[in-house]
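J.: Submitted below is the structure of interest, expressed as structure tokens.
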Amino acid sequence: MTELTLSSYINSRKPILEDKMYEYVEALVAPQNLKNAMLYSLQAGGKRLRPMLLFATMEGFGLTFEHGIPVASAVEMIHTYSLIHDDLPAMDNDDFRRGKPTNHKVYGEATAILAGDALLTFAFQMISDLNEGDVTLSQKLLLIRELARAAGPEGMVGGQVADMEGEKKSLSLSELEYIHHHKTGDLLSYSIIAGAIVAEATDKDIENLREFSKHLGLAFQIKDDILDIEGSEEAIGKPVGSDINNEKSTYPKLLGLEGAKKKLADHILKAKEYLYKVSINSEKLELLVDYIVYRDR
């Protein structure tokens, strides 16, 4: 598949997703300033990789992507909340995100914290409000449980804490993988698993997709680390070399740049091995796997 095909896939779904996602927030009975802060970060851009992974999984099992818009919106809201909180002075203390001032620089720290809290909790409300004609009660419960695990102390939040505790330390490869598997990988993995749950995939297919997504998540973070060295500030939306300046452990720091690139290739190979075990039309998922390898931001 070509980059043009990837662009076509994303561009045909992204505007529909975003229109609905913004509509969900605007319809909230809540202070307008809070909704403005939520929308500010939701509208900051990006390829919407997590929703696209969810859509590609569902479509691979024969459903339309529109069927997954509420769950995809919930995933993107949780991802966005994590970025708002990541950027705060108490954490990464970043002034810019995707080339725009970070949420707390525009709305102040208190409102930024609450905007993140609102996006997190609203995501669960959205899934709990899913129409029972679209998902069964057992599917809904499983979607909520998997998301709570992926986003909570055993998942993303736990990974973020381990990341902070690992700053200015020399981490082992297993320690670094733990951080990235949970901080970044778990929510990517959830996107794929959620698509499979909605599509009523078999337990065997879900477990193979879980392994696929684990390797995919690690590959995504390795590519991020490589881009922090080789990328351009204009493309990635933040200063190049920020990981080095913040004395963070990264794959290139631990393995060398060429070693990190080999590790990336190894995880992509393993991801595809698990994907090919799944009874699914994998064309669209493979397209997104290739994006992770070749992206410049």
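J.: Evaluate the following for K284: is it surrounded by fewer than 17 Cβ atoms within 10 Å (Cβ to Cβ), of a type outside the set (A, V, I, L, M) and part of a helix (DSSP H, G or I)?
T.: no
J.: Still on this structure: Tell me which of these E234 doesn't satisfy, since it passes every other one: (1) within 19 Å of the chain's Cα centre (by Cα); (2) surrounded by fewer than 24 Cβ atoms within 10 Å (Cβ to Cβ); (3) at pLDDT below 95; (4) in a helix (DSSP H, G or I).
T.: The one condition E234 does not meet is (1).
J.: Look at A196 and say whether it is at pLDDT 95 or above, farther than 20 Å from K277 by Cβ and of a type in the set (A, V, I, L, M, F, W, C).
T.: Judged against the criteria, A196 is not a match.
J.: Scan (1) touching a Phe, Trp or Tyr at 6+ places or on another chain (Cβ under 6 Å); (2) open to solvent by less than 20 Å² (accessible area, probe 1.4 Å); (3) hydrophobic (A, V, I, L, M, F, W, C) for the single condition A115 breaks and write down its number.
T.: (1)
J.: Now for a separate question. Do any helices (runs of 4 or more DSSP H) lying entirely in segment 13-101 carry at least 2 residues that are on the phi > 0 side of the Ramachandran plot and not basic (K, R), and which ones are they?
T.: Counting at least 2 such residues, we get no helices (runs of 4 or more DSSP H) at all.
J.: Consider L218 against the criteria (1) of a type outside the set (F, W, Y); (2) under 19 Å from A148 (Cα atoms); (3) touching a Gly at 6+ places or on another chain (Cβ under 9 Å): it satisfies all of them except one. Which criterion is unmet?
T.: So L218 meets the others, but not (2).
J.: Which numbered condition trips up I84, out of (1) touching a helix residue (DSSP H, G or I) at 6+ places or on another chain (Cβ under 9 Å); (2) free of Cβ contacts under 8 Å to residues at least 12 places away in the same chain?
T.: (2)
J.: Taking the condition of being touching a His at 6+ places or on another chain (Cβ under 9 Å) and among the aromatic types (F, W, Y), how many residues in segment 204-223 meet it?
T.: Within segment 204-223, residues that are touching a His at 6+ places or on another chain (Cβ under 9 Å) and among the aromatic types (F, W, Y) number 1.
J.: Further question: Just to be sure before I move on: is S191 farther than 22 Å from V71 by Cβ and either surrounded by fewer than 17 Cβ atoms within 10 Å (Cβ to Cβ) or among the polar types (S, T, N, Q) (or both) in the structure I sent?
T.: So S191 fails the test.
Results for (1) more than 26 Å from G60 (Cβ to Cβ); (2) within 17 Å of the chain's Cα centre (by Cα); (3) modelled with pLDDT of 95 or more; (4) not in a loop (DSSP other than H, G, I, E, B), shown as yes or no for each residue.
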residue	(1), (2), (3), (4)
K204	no, no, yes, yes
E211	no, yes, yes, yes
D224	no, yes, no, yes
E273	no, no, yes, yes
Y291	no, yes, no, yes
R297	no, yes, no, no
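J.: Sort out which residues of segment 139-178 are buried (at least 16 other Cβ atoms within 10 Å of the Cβ), in contact (Cβ under 8 Å) with a residue 40 or more places away in the chain, among the hydrophobic types (A, V, I, L, M, F, W, C) and in a helix (DSSP H, G or I), and write them in order of number.
T.: L142, L143, L147, A150, A151, M156, L176
J.: What about I229, is it crowded, with 22+ Cβ neighbours inside 10 Å, among the hydrophobic types (A, V, I, L, M, F, W, C) and under 25 Å from K47 (Cβ atoms)?
T.: When the stated conditions are applied, I229 does not pass them.
The values are calculated or read from the model by the stated rules, or taken from the named source; none is laboratory data. Only a predicted model underlies this, so the values are computations on that prediction, with no experimental measurement involved. Heads up, the Cβs are rebuilt from the backbone with ideal geometry, glycines too, and the neighbour counts pull from every protein chain shown. Heads up: the accessible areas ignore ligands, DNA and RNA and are worked out on the full protein's heavy atoms, side chains in. Shrake-Rupley method; radii C 1.70, N 1.55, O 1.52, S 1.80 Å.
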